[in-house]
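So the structure is just underneath, and the comments pick up after that.
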Amino acid sequence: AIAALSEPDVSHRIVYTRPQQFQAGLKRHASESAVELTVDQQHQFQSLNTRINLDGGGQNNYGFAIQSVGARNAGGVYHFPRAHIHAVALASTAIPAGSMRGFGSFQTSFALECLIDQAASALKTDPIDLRMQNCLIGKGYLPTGVQLAIPAHAHQVLHAAKHSRLWKKR
(Lines give C-alpha, C1' and ligand atoms only; values in the text may rest on other atoms or scores of the structure.)
Protein backbone atom coordinates (compact mmCIF):
# COMPACT_ATOMS: atom_id res chain seq x y z
CA ALA A 1 0.00 0.00 0.00
CA ILE A 2 2.86 2.37 0.80
CA ALA A 3 4.55 1.68 -2.54
CA ALA A 4 1.28 2.28 -4.40
CA LEU A 5 0.76 5.58 -2.61
CA SER A 6 4.31 6.78 -3.22
CA GLU A 7 4.33 5.73 -6.91
CA PRO A 8 0.70 5.86 -8.13
CA ASP A 9 1.60 5.59 -11.82
CA VAL A 10 3.67 2.42 -11.41
CA SER A 11 2.25 -1.09 -11.26
CA HIS A 12 3.08 -2.95 -8.06
CA ARG A 13 2.76 -6.65 -7.48
CA ILE A 14 2.68 -8.45 -4.16
CA VAL A 15 4.08 -11.97 -4.31
CA TYR A 16 3.53 -14.35 -1.42
CA THR A 17 5.34 -17.59 -0.75
CA ARG A 18 2.99 -20.49 0.02
CA PRO A 19 3.40 -20.10 3.82
CA GLN A 20 2.85 -16.34 3.56
CA GLN A 21 -0.30 -16.89 1.52
CA PHE A 22 -1.68 -19.14 4.25
CA GLN A 23 -0.82 -16.52 6.86
CA ALA A 24 -2.34 -13.62 4.91
CA GLY A 25 -5.46 -15.31 3.47
CA LEU A 26 -8.81 -15.56 5.20
CA LYS A 27 -9.42 -18.99 6.70
CA ARG A 28 -12.52 -21.10 7.34
CA HIS A 29 -13.64 -21.40 10.92
CA ALA A 30 -14.38 -24.73 12.47
CA SER A 31 -17.56 -26.48 11.45
CA GLU A 32 -19.78 -28.94 13.25
CA SER A 33 -21.13 -31.92 11.36
CA ALA A 34 -23.41 -34.69 12.55
CA VAL A 35 -23.65 -37.53 10.05
CA GLU A 36 -25.77 -40.67 10.25
CA LEU A 37 -25.41 -43.47 7.73
CA THR A 38 -27.72 -46.47 7.39
CA VAL A 39 -26.39 -49.61 5.69
CA ASP A 40 -28.43 -52.78 5.06
CA GLN A 41 -27.38 -56.43 5.40
CA GLN A 42 -26.19 -56.50 1.77
CA HIS A 43 -23.88 -53.54 2.52
CA GLN A 44 -25.98 -51.11 0.48
CA PHE A 45 -26.23 -47.54 1.73
CA GLN A 46 -29.86 -46.85 2.52
CA SER A 47 -29.92 -43.37 4.01
CA LEU A 48 -27.82 -40.35 4.87
CA ASN A 49 -28.76 -37.78 7.50
CA THR A 50 -26.39 -34.82 7.76
CA ARG A 51 -26.52 -31.61 9.79
CA ILE A 52 -23.82 -29.03 9.09
CA ASN A 53 -23.20 -25.83 11.07
CA LEU A 54 -20.57 -23.48 9.65
CA ASP A 55 -19.20 -20.49 11.54
CA GLY A 56 -19.28 -17.64 9.03
CA GLY A 57 -17.35 -15.20 11.19
CA GLY A 58 -18.15 -11.54 11.69
CA GLN A 59 -18.93 -10.75 8.05
CA ASN A 60 -20.64 -12.60 5.24
CA ASN A 61 -17.68 -13.65 3.11
CA TYR A 62 -19.11 -16.42 0.92
CA GLY A 63 -20.58 -18.24 3.95
CA PHE A 64 -23.82 -18.81 2.05
CA ALA A 65 -21.97 -20.32 -0.93
CA ILE A 66 -19.71 -22.48 1.23
CA GLN A 67 -22.72 -23.82 3.08
CA SER A 68 -24.44 -24.59 -0.23
CA VAL A 69 -21.42 -26.39 -1.70
CA GLY A 70 -20.88 -28.32 1.52
CA ALA A 71 -24.50 -29.48 1.55
CA ARG A 72 -24.48 -30.38 -2.14
CA ASN A 73 -21.34 -32.51 -1.66
CA ALA A 74 -22.32 -34.03 1.70
CA GLY A 75 -23.13 -37.35 0.01
CA GLY A 76 -19.70 -37.57 -1.60
CA VAL A 77 -19.58 -39.86 -4.62
CA TYR A 78 -22.08 -42.34 -3.18
CA HIS A 79 -25.64 -43.35 -3.98
CA PHE A 80 -28.20 -42.84 -1.20
CA PRO A 81 -31.83 -43.76 -1.90
CA ARG A 82 -32.87 -41.46 0.96
CA ALA A 83 -31.04 -38.38 2.21
CA HIS A 84 -31.71 -35.47 4.51
CA ILE A 85 -29.07 -32.75 4.50
CA HIS A 86 -29.42 -29.58 6.54
CA ALA A 87 -26.72 -26.92 6.38
CA VAL A 88 -26.43 -23.44 7.84
CA ALA A 89 -23.73 -20.79 7.90
CA LEU A 90 -24.19 -18.41 10.79
CA ALA A 91 -22.54 -15.11 11.54
CA SER A 92 -20.59 -14.97 14.78
CA THR A 93 -18.31 -12.69 16.74
CA ALA A 94 -15.26 -14.42 15.26
CA ILE A 95 -13.03 -12.73 12.71
CA PRO A 96 -14.31 -12.83 9.10
CA ALA A 97 -13.99 -16.27 7.52
CA GLY A 98 -12.91 -16.81 3.94
CA SER A 99 -13.51 -19.44 1.30
CA MET A 100 -9.98 -20.81 1.35
CA ARG A 101 -9.15 -24.51 1.12
CA GLY A 102 -12.07 -26.71 0.18
CA PHE A 103 -14.99 -24.33 -0.03
CA GLY A 104 -17.23 -26.47 2.20
CA SER A 105 -16.65 -29.86 0.58
CA PHE A 106 -13.88 -31.00 2.90
CA GLN A 107 -15.89 -30.15 5.98
CA THR A 108 -18.64 -32.56 4.99
CA SER A 109 -16.80 -35.24 3.01
CA PHE A 110 -14.24 -35.89 5.75
CA ALA A 111 -16.99 -36.74 8.26
CA LEU A 112 -18.72 -39.05 5.77
CA GLU A 113 -15.53 -40.88 4.79
CA CYS A 114 -14.64 -41.49 8.45
CA LEU A 115 -18.14 -42.84 9.05
CA ILE A 116 -17.83 -45.19 6.07
CA ASP A 117 -14.59 -46.53 7.54
CA GLN A 118 -16.40 -47.15 10.86
CA ALA A 119 -19.28 -48.86 9.07
CA ALA A 120 -16.87 -51.13 7.18
CA SER A 121 -15.21 -52.10 10.44
CA ALA A 122 -18.58 -52.87 12.08
CA LEU A 123 -19.63 -54.89 9.02
CA LYS A 124 -16.25 -56.65 8.90
CA THR A 125 -15.74 -55.75 5.26
CA ASP A 126 -13.01 -53.99 3.33
CA PRO A 127 -13.57 -50.19 3.39
CA ILE A 128 -12.76 -49.85 -0.31
CA ASP A 129 -15.13 -52.69 -1.21
CA LEU A 130 -17.92 -50.97 0.74
CA ARG A 131 -17.24 -47.74 -1.11
CA MET A 132 -17.09 -49.46 -4.52
CA GLN A 133 -20.41 -51.19 -3.87
CA ASN A 134 -22.07 -47.82 -3.18
CA CYS A 135 -20.32 -45.27 -5.37
CA LEU A 136 -22.02 -43.41 -8.19
CA ILE A 137 -21.28 -44.80 -11.62
CA GLY A 138 -21.57 -42.76 -14.78
CA LYS A 139 -23.93 -39.80 -14.63
CA GLY A 140 -25.52 -40.75 -11.33
CA TYR A 141 -27.62 -38.54 -9.09
CA LEU A 142 -26.48 -36.62 -6.03
CA PRO A 143 -28.64 -36.82 -2.88
CA THR A 144 -30.07 -33.44 -3.91
CA GLY A 145 -31.56 -35.06 -7.02
CA VAL A 146 -29.17 -33.29 -9.38
CA GLN A 147 -27.70 -35.50 -12.08
CA LEU A 148 -23.95 -35.29 -12.52
CA ALA A 149 -22.99 -33.19 -15.53
CA ILE A 150 -19.96 -35.37 -16.25
CA PRO A 151 -19.57 -39.07 -15.47
CA ALA A 152 -18.21 -39.97 -12.04
CA HIS A 153 -14.97 -41.91 -12.12
CA ALA A 154 -14.88 -42.80 -8.43
CA HIS A 155 -15.19 -46.53 -9.17
CA GLN A 156 -11.99 -46.48 -11.25
CA VAL A 157 -10.14 -44.50 -8.58
CA LEU A 158 -11.29 -46.91 -5.86
CA HIS A 159 -10.32 -49.90 -8.03
CA ALA A 160 -6.81 -48.47 -8.49
CA ALA A 161 -6.53 -47.74 -4.76
CA LYS A 162 -7.60 -51.28 -3.84
CA HIS A 163 -4.91 -52.75 -6.06
CA SER A 164 -2.16 -50.36 -5.04
CA ARG A 165 0.85 -51.67 -3.18
CA LEU A 166 0.21 -49.18 -0.39
CA TRP A 167 -3.26 -50.61 0.31
CA LYS A 168 -2.22 -54.24 -0.03
CA LYS A 169 0.67 -53.82 2.42
CA ARG A 170 -1.15 -51.67 4.99
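The values are calculated or read from the model by the stated rules, or taken from the named source; none is laboratory data. A quick note: this is a predicted structure, and the numbers were derived from the prediction, not measured. Please note: Cβ atoms are built from the backbone with ideal geometry, for glycine as well, and neighbour counts cover all protein chains shown. Each accessible area value is taken on the protein alone, full model and side chains, heavy atoms only, with ligands, DNA and RNA left out. Shrake-Rupley method; radii C 1.70, N 1.55, O 1.52, S 1.80 Å.
Do any residues in the stretch 155-170 that are farther than 16 Å from residue 117 by Cα have Cβ atoms under 8 Å from those of residues that are at pLDDT 90 or above, where the two are at least six apart or on different chains, and which pairs are they? So the pair list comes out as 155/132; 155/135; 159/132. Taking residue 38, is it touching a strand residue (DSSP E or B) at 6+ places or on another chain (Cβ under 6 Å), hydroxyl-bearing (Ser, Thr, Tyr), in contact (Cβ under 8 Å) with a residue 60 or more places away in the chain and in a strand (DSSP E or B)? It is false that residue 38 is touching a strand residue (DSSP E or B) at 6+ places or on another chain (Cβ under 6 Å), hydroxyl-bearing (Ser, Thr, Tyr), in contact (Cβ under 8 Å) with a residue 60 or more places away in the chain and in a strand (DSSP E or B). Condition check: under 30 Å from residue 84 (Cα atoms), part of a loop (DSSP other than H, G, I, E, B) and open to solvent by less than 100 Å² (accessible area, probe 1.4 Å). Does residue 12 satisfy that? Criteria not met by residue 12.
All conditions but one from (1) part of a loop (DSSP other than H, G, I, E, B); (2) open to solvent by less than 30 Å² (accessible area, probe 1.4 Å) apply to residue 116; the one that does not is (1).
Conditions tested, residue by residue: (1) of a type outside the set (D, E, K, R); (2) open to solvent by less than 60 Å² (accessible area, probe 1.4 Å).
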{"position": "20", "(1), (2)": "yes, no"}
{"position": "28", "(1), (2)": "no, yes"}
{"position": "39", "(1), (2)": "yes, yes"}
{"position": "70", "(1), (2)": "yes, yes"}
{"position": "83", "(1), (2)": "yes, yes"}
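How about the stretch 132-152: which of its residues are under 12 Å from residue 76 (Cα atoms), touching a strand residue (DSSP E or B) at 6+ places or on another chain (Cβ under 6 Å) and not in a loop (DSSP other than H, G, I, E, B)? Correct list: 134, 135, 141.
Of the set (1) of a type in the set (A, V, I, L, M); (2) touching a helix residue (DSSP H, G or I) at 6+ places or on another chain (Cβ under 6 Å); (3) open to solvent by 60 Å² or more (accessible area, probe 1.4 Å), all apply to residue 35 but (3). Taking into account only those residues within the stretch 119-129 that are in contact with a Lys or Arg (Cβ under 9 Å, 6 or more places away or on another chain) and farther than 14 Å from residue 41 by Cα, which is most open to solvent (accessible area, probe 1.4 Å)? Filtering the stretch 119-129 for residues that are in contact with a Lys or Arg (Cβ under 9 Å, 6 or more places away or on another chain) and farther than 14 Å from residue 41 by Cα, the one most open to solvent (accessible area, probe 1.4 Å) comes out as 129. Of the candidates 89, 94, the single residue that is more than 29 Å from residue 41 (Cα to Cα), open to solvent by 30 Å² or more (accessible area, probe 1.4 Å) and part of a loop (DSSP other than H, G, I, E, B) is 94. Kindly check whether there is at least one residue in the stretch 143-166 that is touching a Leu at 6+ places or on another chain (Cβ under 7 Å) and under 19 Å from residue 39 (Cα atoms). There is at least one residue in the stretch 143-166 that is touching a Leu at 6+ places or on another chain (Cβ under 7 Å) and under 19 Å from residue 39 (Cα atoms).
Being part of a strand (DSSP E or B), within 16 Å of the chain's Cα centre (by Cα) and in contact (Cβ under 8 Å) with a residue 60 or more places away in the chain holds for only one residue in 48, 54, and it is 48. Being aliphatic (A, V, I, L, M) and in contact (Cβ under 8 Å) with a residue 24 or more places away in the chain is a property that does not hold for residue 5.
Can you find, within the stretch 130-154, the residue that is surrounded by the fewest Cβ atoms within 10 Å (Cβ to Cβ) among those that are in contact with a His (Cβ under 8 Å, 6 or more places away or on another chain) and in contact (Cβ under 8 Å) with a residue 60 or more places away in the chain? This residue is 141.
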